[in-house]
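Here's the structure, in structure tokens; my notes come after.
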Amino acid sequence: MLRPCFLVIDREFPGSISTRKLVIETAKFNVITAYSLNEAVETLEAFPAINGVVLDADTSEVPCDELIAKLRRLKPELRVVAISGPRGVMCPGADHHLESFDPRELLNLLRTMQPDEVKAIEKQEERLNRGEQ
């Protein structure tokens with residue numbers, strides 16, 4: 001089973017890892033984290049099988065539309081989820097925009113983006129719960 005992989009572009013804080021990365025991994029998705037525009041572009045170049053991007057619309061050192069355009073030059077079909085607070089930056093170039101930091105909303109959205117893979121993950125989880133391999 002090939003698990004979906006998301007690139008998370010997040011703020012970097014000393015001594016911490018991305019909370020979004022941890023949240024997304026609870027859904028059994030793979031996550032690669034980038035903390036800058038350059039790192040995001042380099043990561044997508046190195047790992048082109050990424051299924052989507054989750055970014056904090058307020059974080060980037062460049063406007064989020066510019067960031068998305070740079071990423072889509074590498075992978076035009078790339079789907080992007082932009083997250084901001086209710087009065088945060090809107091990112092018209094994103095496929096989805098969440099005006100909430102509620103992790104459940106993010107996970108629900110990511111699951112709808114990868115329905116076949118989510119079904120496979122759930123079936124595997126059921127097999128594991130029954131003690132099967």
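The values are calculated or read from the model by the stated rules, or taken from the named source; none is laboratory data. Since the model is a prediction, treat every value here as computed from it, not as a measurement. Positions of Cβ are generated from backbone atoms using ideal geometry, with glycine treated the same way; all protein chains shown enter the neighbour counts.
Residue under question is T59, and the condition is that it be at pLDDT below 90 and not basic (K, R); does it hold?
Details: at pLDDT below 90: yes; not basic (K, R): yes.
Against the criterion (at pLDDT below 90 and not basic (K, R)), T59 qualifies.
Considering segment 43-71 alone, what residues qualify as being under 20 Å from P4 (Cβ atoms), hydrophobic (A, V, I, L, M, F, W, C) and more than 14 Å from the chain's Cα centre (by Cα)?
Of everything in segment 43-71, just one residue is under 20 Å from P4 (Cβ atoms), hydrophobic (A, V, I, L, M, F, W, C) and more than 14 Å from the chain's Cα centre (by Cα), namely A46.
Does any residue of segment 101-108 turn out to be within 15 Å of the chain's Cα centre (by Cα), surrounded by 12 or more Cβ atoms within 10 Å (Cβ to Cβ) and modelled with pLDDT under 85?
Yes, segment 101-108 contains at least one residue that is within 15 Å of the chain's Cα centre (by Cα), surrounded by 12 or more Cβ atoms within 10 Å (Cβ to Cβ) and modelled with pLDDT under 85.
Does at least one position in segment 72-95 carry a residue that is assigned to a helix (DSSP H, G or I), within 14 Å of the chain's Cα centre (by Cα) and not aromatic (F, W, Y)?
no
Just checking, how many residues over segment 62-93 are of a type in the set (A, V, I, L, M), modelled with pLDDT of 85 or more and touching a strand residue (DSSP E or B) at 6+ places or on another chain (Cβ under 9 Å)? Talk me through it step by step, then tell me what you get.
Initial filter on segment 62-93 (of a type in the set (A, V, I, L, M)): 62, 67-69, 71, 74, 78, 80-83, 89-90.
Keeping just the survivors that are modelled with pLDDT of 85 or more gives 67-69, 71, 74, 78, 80-83.
Filter again for touching a strand residue (DSSP E or B) at 6+ places or on another chain (Cβ under 9 Å), leaving 67-68, 71, 78, 80-83.
Matching residues across segment 62-93 total 8.
Evaluate the following for G52: is it touching a Phe, Trp or Tyr at 6+ places or on another chain (Cβ under 6 Å), closer than 21 Å to R11 by Cβ, modelled with pLDDT of 85 or more and not hydrophobic (A, V, I, L, M, F, W, C)?
It is true that G52 is touching a Phe, Trp or Tyr at 6+ places or on another chain (Cβ under 6 Å), closer than 21 Å to R11 by Cβ, modelled with pLDDT of 85 or more and not hydrophobic (A, V, I, L, M, F, W, C).
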